[in-house]
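Data first, discussion second: the structure below is written as structure tokens.
The values are calculated or read from the model by the stated rules, or taken from the named source; none is laboratory data. This is a predicted model, so every value here is computed, not measured. For the accessible areas, the whole protein counts, side chains as well, though only heavy atoms, and no ligand, DNA or RNA atoms are used. Shrake-Rupley method; radii C 1.70, N 1.55, O 1.52, S 1.80 Å.
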Amino acid sequence: SVIRVDSAGRAHIVAHDSATGEVIYLQVSAEGEMTEEAVIVADENFDGAYLDAELDASGTLHIGYTSDIEFGTITHRSLWYLTRSSSGIWSSPMSIDGGISGELNRGQYVDLAIHDGEFLGDTPSFVYFDGDHGTPRLADILMAGTDPVVFPMGTSIWDGFTGVGSGL
């Protein structure tokens with residue numbers, strides 16, 4: 001679960017309902033009045049173990065979360081992103097990493113931060129664990145509406161075996 005407070009004193013709460021497998025959103029005004037819960041991800045594959053959210057300077061809420069698909073004993077985890085504008089409009093989910101062949105375990109321990117940029121706008125960066133290679137990864141959306149640029153970071157748990165470095 002994540003709580004972020006905007007400049008008007010409103011609390012934006014993003015949480016996982018483990019009973020239904022949904023990501024829910026709730027807003028609490030500065031006076032303590034609550035809005036009705038909104039289901040923002042109703043994906044039977046979502047397990048909710050990993051999510052993060054941040055507010056940008058304009059009041060847009062940015063949310064990163066993982067989605068899991070199970071194929072027998074294999075779990076395919078990917079990282080997704082969506083936003084809620086300050087006027088309450090939700091974006092469509094966008095894939096950040098995972099979801100293609102050879103990418104089975106992306107997005108654990110996601111941490112999201114916002115770049116405040118005059119020229120390119122407020123855009124998110126994601127740092128998360130790449131379970132396929134045992135390394136952290138950085139994904140940057142450099143301009144709103146574009147696909148993220150993804151970079152491996154650090155040293156792989158396999159480097160000791162292969163002798164080949166994996167990171168920046």
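Quick notes on this structure:
- Residue within segment 40-56 that is closer than 23 Å to Gly145 by Cα, among the hydroxyl-bearing types (Ser, Thr, Tyr) and under 15 Å from the mean Cα position of the chain (by Cα) present: no
Rundown of residues vs (1) open to solvent by less than 30 Å² (accessible area, probe 1.4 Å); (2) over 24 Å from Pro136 (Cα atoms), yes/no style:
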{"site": "Ile13", "(1), (2)": "no, yes"}
{"site": "Glu22", "(1), (2)": "no, yes"}
{"site": "Glu37", "(1), (2)": "no, yes"}
{"site": "Val41", "(1), (2)": "yes, yes"}
{"site": "Ala57", "(1), (2)": "no, yes"}
{"site": "Thr60", "(1), (2)": "yes, yes"}
{"site": "Thr66", "(1), (2)": "yes, no"}
{"site": "Ser78", "(1), (2)": "yes, no"}
{"site": "Ile100", "(1), (2)": "no, no"}
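- Residue tally, condition at pLDDT 95 or above and part of a loop (DSSP other than H, G, I, E, B), over segment 11-21: 0
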